[in-house]
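Since the structure comes first, as structure tokens, the remarks are kept for the end.
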Amino acid sequence: MKLLFATNNVHKLREVREIAGNDFQVLSLKDVNLDTEIPETQATLEGNAAQKARFVYGITGVDCFADDTGLEIDALDGRPGVYSARYAGEGCSFDDNVQKILDELQGIENRKACFRCVVCLILEGKEYLFEGRIPGIITEERSGEGGFGYDPVFLPDGHTMTFSEMPAHLKNGISHRGIAISKMFRSLSSGNLSR
Ligand code: ITT
């Protein structure tokens, strides 16, 4: 089965293709010759995931899905949350965002955080939502080279390596995205499409 992933984030695409294995073919926007910014102007992860999937489905008519992800930090009242991509400002880098949360958490003991990922699938015009969460803590400094975004400072509960230190298959096996995307693929395989 072929599904189009409505994302401009190459790291997400790589992860989702690894999770999909051989059972599902995950097409990129490039594969369908679509080169465009995808609007994400909603106030929730659910709203943005649906907005991104609807936008791409509206243009292509191809069954597709989108993922919206946020890092919710307890001591920052859930920020950066839905604003995770541009937390340090328009045009900022992953590293700028990491630096901003490290600065904001300086001297704060409560480092609890949670990655939350919402996936919206549009299949023959019908919409389905899937969610994945993983709790952890924000480390005092960056460790590791792999992954992307906030991975160098996210230590999942029960583990001794940050997401950046883990081999990709280990992150994908436990991550917010791994959980949400696996739920989607399982639902598609079983024909039982529910959240
Ligand atoms: P698309 O909307 O094109 O999919 P994006 O990068 O804008 O790409 P999001 O809004 O969902 O995607 O992601 C928000 C940010 O959260 C993202 O830019 C990263 O900084 C961070 N992020 C998302 N998933 C992550 C992960 O698995 N590990 C670390 N950081 C992640």
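Under the rule that an exposed site lies in a DSSP loop and has at most 11 other Cβ atoms within 10 Å, name the longest stretch of the chain with no GluC sites (Glu not before Pro) of that kind, not counting the sites themselves. Please report the intermediate quantities before stating the final value.
Values: sites that count: GLU37, GLU90, GLU109, GLU124, GLU140, GLU141, GLU145.
Of all site-free stretches, the longest is 38-89.
Can you pull the Rg over Rh of segment 1-47, Cα-only, Kirkwood?
Answer for segment 1-47: 1.01.
Mind ranking THR60, THR44 by accessible surface for me, highest first, 1.4 Å probe?
Largest to smallest exposure gives the sequence THR44, THR60.
Helix 94-104: angle to the longest alpha-carbon principal axis of the chain, degrees 0 to 90, nearest 10?
40 degrees
For segment 50-117, what's the radius of gyration and Dmax over Cα atoms, in angstrom?
Both quantities, over Cα of segment 50-117: 15.2, 50 Å.
Using alpha carbon centroids, what distance separates segment 163-195 and segment 29-47, in Å?
Computed from Cα coordinates, the inter-centre distance equals 20 Å.
One quarter of the convex hull surface, Cα atoms only: what value does that give for segment 1-97 in nm²? Display every interim value, and only then the final one.
Details: hull surface 27.9 nm².
Projected area, direction-averaged: 7.0 nm².
On the protein heavy atoms, probe 1.4 angstrom, tell me the percent of accessible surface of the chain carried by carbon and sulfur.
47 percent
Got a sec to turn the phi values of segment 54-68 into Karplus ³J(HN,Hα) couplings, 6.51 cos²θ - 1.76 cosθ + 1.60 with θ = phi - 60°, whole Hz, x for Gly and Pro?
5, 4, 6, 5, x, 7, 9, x, 9, 3, 8, 9, 9, 10, 10
Need one number: convex hull volume per residue for segment 138-195, Cα atoms only, in Å³.
Spelled out: Cα convex hull of segment 138-195, divided by residues, is 91 Å³.
State in Å² the accessible area per residue of the chain; use a 1.4 Å probe, count heavy atoms of protein chains only, and round to the nearest integer.
Values: 9700 Å² over 195 residues.
Dividing the accessible area of the chain by its residue count gives 50 Å².
State the antiparallel share, in %, of DSSP beta bridges confined to the chain, rounding to the nearest 5.
85 percent
Considering only DSSP states other than H, G, I, E and B, which chymotrypsin sites (Phe, Trp or Tyr not before Pro) in segment 1-102 qualify as loop sites with at most 16 other Cβ atoms within 10 Å?
In loop regions of segment 1-102 (DSSP not H, G, I, E or B), the sparsely surrounded chymotrypsin sites (Phe, Trp or Tyr not before Pro) are TYR83.
Per Stokes-Einstein, at 37 °C and 0.692 mPa s, what whole-number D in µm² s⁻¹ belongs to the chain, with the Kirkwood radius over Cα pairs as the hydrodynamic radius?
For these conditions, the coefficient is 193 µm²/s.
About the Cα centre, and with charges only on the beta carbon of Lys, Arg (+1) and Asp, Glu (-1), how big is the dipole of segment 1-107? Nearest 20 debye, please.
Using Cβ point charges on Lys, Arg, Asp and Glu, segment 1-107 gives about 380 debye.
Considering all projection directions equally, how large on average is the shadow of the alpha-carbon convex hull of segment 101-166, in square nanometres?
That works out to 5.7 nm².
The values are calculated or read from the model by the stated rules, or taken from the named source; none is laboratory data. What you see is a predicted model; the values in this text were computed from it and never measured. Positions of Cβ are backbone-derived with ideal geometry, glycine not excepted, and every protein chain shown enters the neighbour counts. All accessible areas refer to the heavy atoms of the entire protein, side chains included, with ligands and DNA or RNA removed. Shrake-Rupley method; radii C 1.70, N 1.55, O 1.52, S 1.80 Å.
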